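Single-structure report; data block below.
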Protein chains: 2
Amino acid sequence: MATDQARSDASEADTYDRFEERVQRISNVGNAAGILGWDQEVMMPDEGTPARAQQLSTLSSISHELLTADETGELLAELEGGETTASSREASGETASGDLESDQAAVVREIRRRYDRETSVPQELVEEISATSSNAHPKWKQAKEEDDFEHFAPTLEKLVDLKREYANHIDPDADPYAVLFADYEPYIDLETAERVLERLRENLVPLIDAVQDSDADLTTDAFAGAFDDDDQEALARDVLDSLGYDWGRGRLDTAPHPFSSGTQFDARVTTRFEEDDLLGSITSTIHEFGHANYTQGLPDDGYGTPLGEARDLSVHESQSRLWENHVGRSRPFWEHFLPIARERFPELEDVTPEEAYEAANQVHDDNLIRVEADELTYHLHIVIRFEIERDLIRGDLEVSEVPEVWNDKYEEYLGVRPETDAEGCLQDIHWSHGDFGYFSTYSLGSVLAAQLYAAAEDDCGDFDDGIRRGEFDELNGWLRENIHRHGKRYVTPDLIERATGEGLTADHFLAYVESKYGELYDLEDY
Amino acid sequence: MATDQARSDASEADTYDRFEERVQRISNVGNAAGILGWDQEVMMPDEGTPARAQQLSTLSSISHELLTADETGELLAELEGGETTASSREASGETASGDLESDQAAVVREIRRRYDRETSVPQELVEEISATSSNAHPKWKQAKEEDDFEHFAPTLEKLVDLKREYANHIDPDADPYAVLFADYEPYIDLETAERVLERLRENLVPLIDAVQDSDADLTTDAFAGAFDDDDQEALARDVLDSLGYDWGRGRLDTAPHPFSSGTQFDARVTTRFEEDDLLGSITSTIHEFGHANYTQGLPDDGYGTPLGEARDLSVHESQSRLWENHVGRSRPFWEHFLPIARERFPELEDVTPEEAYEAANQVHDDNLIRVEADELTYHLHIVIRFEIERDLIRGDLEVSEVPEVWNDKYEEYLGVRPETDAEGCLQDIHWSHGDFGYFSTYSLGSVLAAQLYAAAEDDCGDFDDGIRRGEFDELNGWLRENIHRHGKRYVTPDLIERATGEGLTADHFLAYVESKYGELYDLEDY
């Protein structure tokens, strides 16, 4: 005879099953859109756009409707106990779903968050933002080509207004920039991000100054020359083979702007080849390997729910940067990889691992362009964008002031002043997409990469010898165990704390760059 | 001041808009699934299957739910005038939607048909058929590998029963085989199909007998040799270039079982290369060009509704077979194309166009395998399958009798008797998918191809000179004008009648093969 408790458990299990089926459906629609997006960048013929745009728009609407349907809200409320509303829950700091298994509670938590956000914003506003950014993109492109900020300014103003309105719908009492930031990084406080970025600025400005003053003469031409595309592709496959990419669950193609996408069953990498930039193709391939390797490490049985999905942008970026920088820009890596590269490119015969290492770690102190920046100056490019977009969204800065402020900050932080807006505040695509709050996740990713790498070495010992022998299993095993297999089970601060024993901190990143560049540039105080 | 009529027109326009939006949504979901299907065959890594199966199943459920939703039925009823039900309409032979523009009426007609069929069949039965065929596929594969019909027989029995039940839900009073046939060919009567197939059997059996008795000695080794894959691919691109494939709206890849898929904006071709079968790769590429060229010719502004979709399987197959056989297996084509092929394969230097023509048109009179059959014997392979599956579904034949009946028919119609079931009744995949009623559309396609080609030559004059010069625009223009641009505007008999001035008939096909093979094999009575 069933007890009341057993009956109630059975009914809850049934509710959870219905909820999970709904979540899986939403996830499958999103993953289908992911394949269409990959195809669009990599395979689709030029004139396929009109049909593809409609297909993607339909999938996006369906996903939105499934998520924001009354039934989703009812299932969430039932699973959470039914008595509390989202806002009373937030006010009390209560964690939802006390009676559920912890994995189920994590799924409920993630979907609740998306549900609350998507149901707060009127669909007309979402569509207006989408339409405005579609129009903004060509305006931005033309403005950049013609170095004419005025051409882009009115659209940028409109996007800032719309995104402020969007943030206001989600939480009228919160700092709108914090609300937008949470679209990309839901569980890291904006204060934490600001604190980290400020430490980067405070410490990197003097470090870069010291590098600029250094007399050290690093090898810069180790990879000079013209390198055949097909051989570069073969070498990119060598890179992926060497790092342990699972080809049964992925593939490599080329795309104008390299990216990775997919699921644990099918995590694809793209890269690009430029005749005169072999090093760039190698490091870009390692970077995308880091993303895809994270995806391949997500648990199979979590497919279709947040348990099988990657934690957000900063954690994803930590994986790409850990492999790109801590592995791919290290001395032992070049001791391992240079002989492989020489098989494809005999012209590298006279290059030494030390020369390759130096070439991969030059600091370009007069560079104005973020995507061409090195490991040090990169973060000042980010700090500048972060400060400007934060002030824009908060209403502390006018769009018309952006070019001047941008150039002033470049002069102050990096010691270089852009002569045009094209190589100044018009260089990035993000704002034309309405993406305010995205940039900082790049730096948070680097910071977290250093923190994870340090924790992994604490646990496993120094990885240098393994890397020198081309053995990456121990490092990757640590990442699988501490990051990948958890999917979205833990909120980001918990994930970081469990993996490293401490909260997100810039300490390890600063120690890493100070030691590395202090030695490379022979700096006295580092 | 709006009149009542104007108000009623406005409301109808509004209803149609809502209906069209729904139809477009269903179409976009289907086209997204099409991309996922293409990717699965062409790009997906081996282990991607579990996720892909779930994505496709989700899209299929969503599409089914959108189509069979009450709102679809209500919109259809409103647009049709609201008074009549589907069955009373059918009984009275009335065409729906008298007040709509004819294009809109066509969209309503096509969706009504799908709606009626999909809402008649209980979802559990659809799922049971789907699950049973998923299980049937490996059983069929194993049975074929081990030449063990008994291993497949129980599943085949179950599939026959389920599909009979399925047909019974759609129309309990109709011949169940006719109902199944209409899944693939909705507007051609089964009686018409039967009449055509019977004429093929009656006329091809003696023609093939005559060929078998002929002393003619056709060149068979014109394409003997080993041909490099990459060069074959380059030649496949030459084929597509030469025929006028629009690369801005398509691409060529390889797949184990060549197919075409996509929309008018993005109609892709796949082919395959075997070292010892250059001719097979060329003819297969031309065949797939025919399919993709039809898709590329569908009207852009019809995208998302049946007006922008291809008429059904027989018309699609008519396009592939017209290009493959009437163009690609003609003398003037080889006069045009052999010099192009020689550029890729200098070893063809001594082959003459006449030899290539003969090699492309041999009749293999001892062949047991449908997919390896020539233009003549092919249709007897189809007739045999058609007769057997029709009798199975009607209950006039037991599954256990299939092997014996199959072999007897091969002996009777083709003069060869399979020694094993593997090269007999287990050779095709179709029945394991639950596809009963599909096979005949291949032959109907050939028959229609000949009818269209004859009508096009009636209108434009003989195409031989143009083909010899590599000019295909006039032929393709005729197909665009008479077939492609109409999408599903007309039901199939109307489309055929408008294009050729007569109903579907085997006359032209029989005249074509009798003349062609009579000459090739030097047959007295032909």
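The values are calculated or read from the model by the stated rules, or taken from the named source; none is laboratory data. Just so it is clear, the structure is predicted and the values come from calculations on it, not from any experiment. No Cβ is skipped: glycine too gets one built from the backbone with ideal geometry, and neighbour counts run over all protein chains shown. With ligands, DNA and RNA removed, areas are computed over all heavy atoms of the protein, side chains included. Shrake-Rupley method; radii C 1.70, N 1.55, O 1.52, S 1.80 Å.
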So A:Ile282 passes all but one of these: (1) part of a helix (DSSP H, G or I); (2) touching a residue at least 60 places away in the same chain (Cβ under 8 Å); (3) of a type in the set (A, V, I, L, M). Which condition number does it fail? (2)
So which of A:Ile496, A:Ile467 ends up being open to solvent by less than 30 Å² (accessible area, probe 1.4 Å), in a helix (DSSP H, G or I) and closer than 29 Å to A:Arg113 by Cα? A:Ile496
Hits in the range B:233-250 (condition: within 13 Å of chain A (Cβ to nearest Cβ) and either open to solvent by 50 Å² or more (accessible area, probe 1.4 Å) or touching a residue at least 40 places away in the same chain (Cβ under 8 Å) (or both)): B:Leu240, B:Tyr245, B:Asp246, B:Trp247, B:Arg249, B:Gly250
For the range B:388-398, which positions are in a loop (DSSP other than H, G, I, E, B) and surrounded by 17 or more Cβ atoms within 10 Å (Cβ to Cβ)? B:Leu397
Output for Cβ contacts, cut-off 7 Å, separation at least six or different chains, first residue part of a helix (DSSP H, G or I) in the range B:168-184, second open to solvent by 60 Å² or more (accessible area, probe 1.4 Å), reads B:Pro176/B:Arg164; B:Pro176/B:Asn168; B:Pro176/B:Arg394; B:Tyr177/B:Arg394
Per the filter on the range B:399-418, residues touching a residue at least 24 places away in the same chain (Cβ under 8 Å), surrounded by 14 or more Cβ atoms within 10 Å (Cβ to Cβ) and in a helix (DSSP H, G or I) are B:Val399, B:Val402, B:Pro403, B:Lys409, B:Tyr410, B:Tyr413, B:Leu414
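If a residue has to be at the interface with chain B (Cβ under 7 Å from one of its Cβ atoms) and open to solvent by 10 Å² or more (accessible area, probe 1.4 Å) to count, how many in the range A:29-42 make the cut?
The qualifying residues number 2.
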Could you say whether any residue in the range A:195-214 is more than 29 Å from A:Phe439 (Cα to Cα), in contact (Cβ under 8 Å) with a residue 12 or more places away in the chain and more than 14 Å from every other protein chain (Cβ to nearest Cβ)? yes
Any residue in the range A:92-112 that is touching a Lys or Arg at 6+ places or on another chain (Cβ under 9 Å), buried (at least 16 other Cβ atoms within 10 Å of the Cβ) and either within 14 Å of another protein chain (Cβ to nearest Cβ) or modelled with pLDDT under 95 (or both)? yes
Based on this model, can you work out whether B:Phe227 counts as assigned to a loop (DSSP other than H, G, I, E, B) and farther than 30 Å from B:Ser515 by Cα? yes
Among (1) within 11 Å of chain A (Cβ to nearest Cβ); (2) within 23 Å of B:Val121 (Cα to Cα); (3) of a type in the set (D, E, K, R); (4) in contact with a helix residue (DSSP H, G or I) (Cβ under 7 Å, 6 or more places away or on another chain), the one test that B:Arg52 misses: (2)
Where B:Gln362 falls short, out of the listed (1) of a type in the set (S, T, N, Q); (2) open to solvent by 20 Å² or more (accessible area, probe 1.4 Å); (3) without any contact (Cβ under 8 Å) to a residue 40 or more places away in the chain: (3)
Has the range B:425-440 got at least one residue that is farther than 25 Å from B:Gln142 by Cα and open to solvent by less than 20 Å² (accessible area, probe 1.4 Å)? yes
A careful count of residues in the range B:55-77 that are within 24 Å of A:Glu41 (Cα to Cα), among the hydrophobic types (A, V, I, L, M, F, W, C) and either facing chain A (nearest Cβ under 7 Å) or more than 25 Å from the chain's Cα centre (by Cα) (or both) gives 1
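Output yes when any residue across the range B:185-194 is in a loop (DSSP other than H, G, I, E, B), open to solvent by less than 70 Å² (accessible area, probe 1.4 Å), out of contact with any helix residue (DSSP H, G or I) (no Cβ under 7 Å at 6 or more places or on another chain) and in contact (Cβ under 8 Å) with a residue 24 or more places away in the chain, and no when none is.
Restricting attention to the range B:185-194, the residues satisfying the condition of being in a loop (DSSP other than H, G, I, E, B) are B:185-189.
Next cut, open to solvent by less than 70 Å² (accessible area, probe 1.4 Å) only: B:185-188.
Restricting the remaining residues to those that are out of contact with any helix residue (DSSP H, G or I) (no Cβ under 7 Å at 6 or more places or on another chain) gives none.
No, there is no match, as no residue in the range B:185-194 is in a loop (DSSP other than H, G, I, E, B), open to solvent by less than 70 Å² (accessible area, probe 1.4 Å), out of contact with any helix residue (DSSP H, G or I) (no Cβ under 7 Å at 6 or more places or on another chain) and in contact (Cβ under 8 Å) with a residue 24 or more places away in the chain.
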Can B:Ala174 be described as hydrophobic (A, V, I, L, M, F, W, C), surrounded by fewer than 22 Cβ atoms within 10 Å (Cβ to Cβ), farther than 17 Å from B:Phe386 by Cβ and under 23 Å from the mean Cα position of the chain (by Cα)? no
Got at least one residue in the range B:304-321 being farther than 22 Å from B:Thr441 by Cα, modelled with pLDDT of 95 or more, within 14 Å of chain A (Cβ to nearest Cβ) and open to solvent by less than 10 Å² (accessible area, probe 1.4 Å)? yes
Search result, residues across the range A:230-265 that are assigned to a strand (DSSP E or B) and not acidic (Asp, Glu): A:Leu252, A:Thr254, A:Ser260, A:Ser261, A:Gly262, A:Thr263
From the set of residues in the range B:254-264 that are open to solvent by 20 Å² or more (accessible area, probe 1.4 Å) and in contact with an Asp or Glu (Cβ under 9 Å, 6 or more places away or on another chain), which is farthest from the other protein chains (Cβ to nearest Cβ)? B:His257
When residues of the range A:195-209 are limited to those that are in contact with a Phe, Trp or Tyr (Cβ under 8 Å, 6 or more places away or on another chain) and open to solvent by 10 Å² or more (accessible area, probe 1.4 Å), the one nearest to A:Asp522 (Cα to Cα): A:Val205
So which pairs qualify, if the first residue must be in the range B:124-147 and without any contact (Cβ under 8 Å) to a residue 12 or more places away in the chain, the second must be open to solvent by 50 Å² or more (accessible area, probe 1.4 Å) and charged (D, E, K, R), the Cβ gap must be under 8 Å, and the two must be at least 6 apart or on different chains? B:Gln142/B:Asp148
Run down B:Glu343, B:Glu335, B:Glu354, B:Glu274 and say which single residue is surrounded by fewer than 21 Cβ atoms within 10 Å (Cβ to Cβ) and assigned to a loop (DSSP other than H, G, I, E, B). B:Glu274
Long-range neighbours under 6 Å by Cβ, at least six apart or interchain, first residue within 20 Å of B:Glu398 (Cα to Cα) within the range B:422-450, second β-branched (Val, Ile, Thr) and part of a helix (DSSP H, G or I): B:Cys425/B:Val402; B:Gly434/B:Ile129; B:Phe436/B:Ile393; B:Phe439/B:Ile382
Find all pairs meeting these conditions: Cβ atoms under 6 angstrom apart; at least six residues apart or on different chains; first residue within the range B:306-335 and of a type in the set (Val, Ile, Thr); second residue surrounded by 20 or more Cβ atoms within 10 Å (Cβ to Cβ). B:Val327/B:Phe333
